[in-house]
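Read through the structure below, which is laid out as structure tokens, and then see the notes.
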Amino acid sequence: MALRTATSAAVVGVAAGTINLAISDCGDSTLGHVSGLSPSSVEQGTSTLVSASGTLDQSVADGTFNVAVKAAGTTLTTCTGNICSASTCDLPAGTGSINFRGLACPVAAGDVSLDFDVSISQYVPSSLAVLEMDITAEGSSGKLLCATINTSPALATPTDDAWEAFKLQFPKSYNSESEEAQHKATFAENFARIAEHNNAGHKFSLGVNQFADLTEAEWTATYKGAKRPEGKEDIPNLGLVGEEVELADSVDWVSRGAVTPIKDQGQCGSCWSFSATGATEGTYQIASGNLVSLAEQQIVDCDTTDGNEGCNGGWPYAAVTYLSRYGACQESSYPYRATDGSCAISSCTMALQPGVVSGYNNVAQTENGLMSALMSSPVSVTINAEGYAFQLYSQGVMTTACSGYTDHAVLAVGYATDTDGTPYWRVKNSWGTTWGMAGYFNMERGNGAQGSLCILQDAPVVPQISASISV
């Protein structure tokens, strides 16, 4: 029962390679005690029988198990089942499946083995290679098990193998053999850079993602899009409210249900529209109890206020102003295309009528100000997302330097403290689920941390929902 989720988490770790597994007992006065597992690694692209060994203090007739799969302290998924019957766990994004053979209950006291058939896709995302699985099991006899399984990537595959894995995982279209050779050379440089960074003891790791065949210049030119407007109008400011209220230790609007699933802006500089819709989706859910996915394509096509230019860039506060004046379409009726188009608001289904968004406020440019605002809702923020740290980010708390300008708009969804004591902002990005921690990243905060300086270079924005909207 433990290994079932252990392996499911492990196999979504890296592209075309081997995942190491390690198991430890929680020591939580349970009837069952784990001692090890074999084999201690799983090769992707094959089906493997894995056995977890342990002991039982007394016989067990029944039980259920629960597993929480975590990355950087955040629960990504949970899995439950009956320990006495066979069951199948499908892995995320079609990466494979785990067939739990089940125990022949009742199980006598003494040594016990838990067996699993693991079928893994050869090519899976690299963003979840280091995970923690917290496992518990209970039955009529009491607590049966408490264990933790950690995963880690094995040694990197040779560059040629990694390149072939990359092309299968992220289908790319190159115009000629020479163009593909150029991108392969760039991939090799990035592949080496990833290994060098990850061996240097940083608080965050890099990994192969959809940007791994791009130079920094190629990536920067296409996948961002925050463009500060000229002559920004003064608006009501939340002030230094964070200095006057008691702050929670942590906030997570994803677990509270105020954040829509990760989206992907594609090769379009429309991050500003995603940041604006994300903040609006969150504040509307908190005010009404309804989480609706709003149409970024509407903003790209229709919002030309304050210098916004669709895929050529824009600014979140101007997009929120547009939604206040003209309303917001449902994403399902105005789907995203990652390209500029003609405004089609007249034929969409409105999710928010004009005036539902009554305006917006700026957040004080202090850590306490942003933390205070995050206690009430997700917040639209702009950052300096330059360098390989952002391009190839995989997981952990980012501690990259900030060079003094902003080029990307994202959504702050909370804050917390890492297990090593590092405080961080939790941020939703718009580069799909194969980037970062399934689309999210953590950025250091506190004591003048570069992450805080980066996020607070421009005043964050909170949309305001009309007082007539209530739960």
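Just so you know, all these numbers are worked out from the coordinates, no wet-lab data involved. Predicted, not measured: the structure shown is a model, and the values here were computed from it. Cβ sites come from the backbone with ideal geometry, for glycine too, and all protein chains shown count toward neighbours.
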Please turn the phi angles of the range 184-191 into ³J(HN,Hα) values with the Karplus equation 6.51 cos²θ - 1.76 cosθ + 1.60 (θ = phi - 60°), one per residue in order, whole Hz, x for glycine and proline. 5, 5, 5, 4, 4, 5, 5, 4
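How would you rank 141-147, 282-288, highest first, on the average number of other Cβ atoms within 10 Å across their residues? Walk me through the numbers before you get to the answer.
Numbers: 141-147: 20.3, 282-288: 21.9.
Ranking the peptides 141-147, 282-288 by packing returns 282-288, 141-147.
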Förster radius 41 Å - calculated FRET efficiency between Ala109 and Leu49 (Cβ-Cβ, nearest 0.05): 0.95
Could you give the nm distance between label points at Ala467 and Arg256, where each point is 7 Å from its Cα heading toward the beta carbon? 2.2
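Any idea what the relative contact order of the range 365-471 is, in percent, if you count C-alpha pairs under 8 Å spaced at least 6 apart? Write down the numbers at each step before the final one.
Details: 198 pairs, mean separation 36.4, N = 107.
Across the range 365-471, relative contact order equals 34 percent.
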Any aspartates and glutamates whose Cα falls less than 12 Å from that of Lys203, other than same-chain ones fewer than 8 residues away, would be Asp418, Asp420, Glu444
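For Ala221 and Asp117, what does the FRET efficiency come to when R0 = 41 Å and r is the distance between their Cβ atoms, rounded to the nearest 0.05? Spell out each step's value before the answer.
Working: r = 46 Å, r/R0 = 1.12.
Calculated value: 0.35.
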Counted neighbours (other Cβ, 10 Å), sorted fewest up, put Phe211, Phe170 in the order Phe170, Phe211
If the cut-off is 17 Å between C-alpha atoms, which aspartates and glutamates fall inside it for Lys172, apart from same-chain ones fewer than 8 positions away? Asp160, Asp161, Glu164, Glu180, Asp213, Glu218, Asp264
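Going by how many other beta carbons lie within 10 Å of each one, how would you line up Trp435, Trp253, Trp425, Trp272, fewest first?
On the way: Trp435 27, Trp253 24, Trp425 30, Trp272 33.
Lowest to highest Cβ neighbour count: Trp253, Trp435, Trp425, Trp272.
On full extension of the chain, what length is gained from Asn312 through Ala185, given 0.36 nm per residue of separation minus the C-alpha to C-alpha distance?
42.9 nm
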With θ set to phi - 60°, apply the Karplus curve 6.51 cos²θ - 1.76 cosθ + 1.60 along the range 322-330 and write out the HN-Hα couplings as whole Hz, x wherever there is a Gly or Pro. 4, 4, 5, 7, 10, x, 10, 7, 5
May I ask you to evaluate 6.51 cos²θ - 1.76 cosθ + 1.60, the Karplus curve with θ = phi - 60°, for each residue of the range 372-389 and list the ³J(HN,Hα) values in order in whole Hz, giving x for glycine and proline? 5, 5, 5, 5, 9, 5, x, 9, 6, 10, 10, 9, 9, 9, 9, x, 5, 4
C-alpha center-to-center spacing [the range 358-431, the range 248-294] in angstrom: 14
The relative contact order of the range 309-428, taking Cα pairs under 8 Å that sit 6 or more residues apart, comes to a percentage of 21
For the residues Leu206, Leu453, what sequence is obtained by ranking on other C-beta atoms within 10 Å, fewest first? Leu453, Leu206
